[in-house]
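The values are calculated or read from the model by the stated rules, or taken from the named source; none is laboratory data. Please read all numbers here as calculations on a predicted model, not as lab measurements. Here the Cβ is made from the backbone with ideal geometry for all residues, glycine too, and neighbour counts use every protein chain on show.
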Amino acid sequence: MAVPVSQIESNTSKPAIPWWRTSFGEEESNGLADAVANEHISQGTVTAQFESQIASALEVPYCVATTSGSTALLMALMALGIGRDDEVIVPNRTWIATAHAALMLGAKVVMVDVQSDFPTMDVSQLRQKITRRTKAILPVHLNGRAVDMDEIHAIAREYGLCVIEDAAQALFAKNHNGFLGTQSDAGCFSLSIAKLISTGQGGIVATRSQVTYDKLKLIRSHGVADVVEATYTGMGFNFKFTDLQASFGLAQLSKVSSRIAQVLAVYDKYEKALDEFPFVRLLPVDYSKGEVPLYIEVLCDERQRLVEFLRERGIQTRPFYPDLHLAPHLKVTGNFPNSKVFSEQGLFLPCGPAQSFENIDRVIEALRHYRSTTNF
């Protein structure tokens, strides 16, 4: 069963094309039925199995499942001791969850602009953002695209900072050091619907530190190791996963190789076709080095005009998120010229591990029609 992110209306007789399509099938249904039949409902043995398998797949000793990628970020920051009046450096281009996780702990969010060619943290700006209150760097591997982790780790060692990787969009993407999200104090992944594998909602924290792992498990359950004979050890909350979600996760994880192959094939098809359209520029992802292009990202000078044109033909797109510094409650000052380009011109074209090649062909044909009607 292919699942679009949302239903859209269309003026065409052909079925509408959603910007994202994923799929759930017999394996997920059977896993869920087995969990219910065996009364594995809340967090228990199936969750533990899922955590073990995803840790093995990511080649890390520890993974902790939780309610969302946002919660994973919050838990990681808590486990590493980030709190009130600390400063956490994040890129200006990311989903606002990255900033909110720090803000909810009373920390100050410090923004860094992105690179001119890629919407990932410009590491060359880090040193000028560090103060005596800086405690953590939170790079984001947007769309499976690796941030320069070697340089970030060098800076972190120099200033005594911790590093938490936001790999929400980078599950099983790699750089030369291995899987993204596994190379720092902690790494956070999302299992929401528009991700490589999905449990509906959900998240993972990965770590190589047993101390951090033990803290994460306590944080996930109100700081209590045993709810029957409870001892209050510290601050936490109910961030528990469920075995119902884990049954989905195990089924999705068993198909991850084919899902990666499909998103790579989708990217390749667009990459070969979009060269002929001067009005869109595909943002590159280096899949030859292990990066996984979860989404198809383009820049378009007349974005809204193209969005309306495609919508009239039953093709859904999605503009990039706005820059974080525009959120008034983050109280950020400064200029972010590179971020502004991506915020104003960035667009997601239809993609996803269940997006058919027929749909992509329809998108490409619509782009040809747009070119012919706009004198490009």
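Quick check on this structure: which one of VAL205, VAL292, VAL285, VAL256 is modelled with pLDDT of 95 or more, in contact with a Cys (Cβ under 8 Å, 6 or more places away or on another chain) and surrounded by 15 or more Cβ atoms within 10 Å (Cβ to Cβ)?
Unique residue meeting the criteria: VAL205.
Might you check whether a residue that is touching a residue at least 24 places away in the same chain (Cβ under 8 Å), closer than 24 Å to ILE219 by Cβ, of a type outside the set (D, E, K, R) and surrounded by fewer than 22 Cβ atoms within 10 Å (Cβ to Cβ) occurs anywhere in the range 124-134?
Yes; the residues of the range 124-134 include at least one that is touching a residue at least 24 places away in the same chain (Cβ under 8 Å), closer than 24 Å to ILE219 by Cβ, of a type outside the set (D, E, K, R) and surrounded by fewer than 22 Cβ atoms within 10 Å (Cβ to Cβ).
Report, by residue number, each residue of the range 208-247 that is in contact with a strand residue (DSSP E or B) (Cβ under 8 Å, 6 or more places away or on another chain), surrounded by 15 or more Cβ atoms within 10 Å (Cβ to Cβ) and aliphatic (A, V, I, L, M).
LEU216, ALA246
Per-residue answers, yes or no, for (1) surrounded by fewer than 21 Cβ atoms within 10 Å (Cβ to Cβ); (2) β-branched (Val, Ile, Thr); (3) touching a Lys or Arg at 6+ places or on another chain (Cβ under 9 Å); (4) in the same structural domain as GLY200 (by TED's automatic domain parsing):
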| site | (1), (2), (3), (4) |
| --- | --- |
| TRP20 | no, no, yes, no |
| ALA35 | no, no, no, yes |
| GLU39 | yes, no, no, yes |
| VAL46 | no, yes, no, yes |
| GLN53 | yes, no, no, yes |
| GLU59 | yes, no, no, yes |
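Here is a yes/no grid of residues against (1) closer than 21 Å to HIS176 by Cβ; (2) in the same structural domain as GLN43 (by TED's automatic domain parsing); (3) assigned to a loop (DSSP other than H, G, I, E, B):
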{"residue": "SER56", "(1), (2), (3)": "no, yes, no"}
{"residue": "SER70", "(1), (2), (3)": "no, yes, no"}
{"residue": "ILE82", "(1), (2), (3)": "no, yes, yes"}
{"residue": "ALA99", "(1), (2), (3)": "no, yes, no"}
{"residue": "GLY106", "(1), (2), (3)": "no, yes, yes"}
{"residue": "ASP117", "(1), (2), (3)": "yes, yes, yes"}
{"residue": "GLN128", "(1), (2), (3)": "no, yes, no"}
{"residue": "GLU151", "(1), (2), (3)": "yes, yes, no"}
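Just to be sure I understand, how many residues within the range 319-376 are more than 20 Å from the chain's Cα centre (by Cα), closer than 15 Å to ARG21 by Cα and small (Gly, Ala, Ser)?
Number satisfying all stated conditions: 1.
If you check ARG362 against the conditions, is it among the basic types (Lys, Arg), out of contact with any helix residue (DSSP H, G or I) (no Cβ under 9 Å at 6 or more places or on another chain) and crowded, with 18+ Cβ neighbours inside 10 Å?
It is true that ARG362 is among the basic types (Lys, Arg), out of contact with any helix residue (DSSP H, G or I) (no Cβ under 9 Å at 6 or more places or on another chain) and crowded, with 18+ Cβ neighbours inside 10 Å.
Okay, residues lined up against (1) under 29 Å from HIS176 (Cα atoms); (2) outside any helix (DSSP H, G or I):
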site: TYR267; (1), (2): yes, no
site: GLU291; (1), (2): yes, yes
site: ARG305; (1), (2): no, no
site: GLU308; (1), (2): no, no
site: ARG311; (1), (2): no, no
site: HIS325; (1), (2): no, no
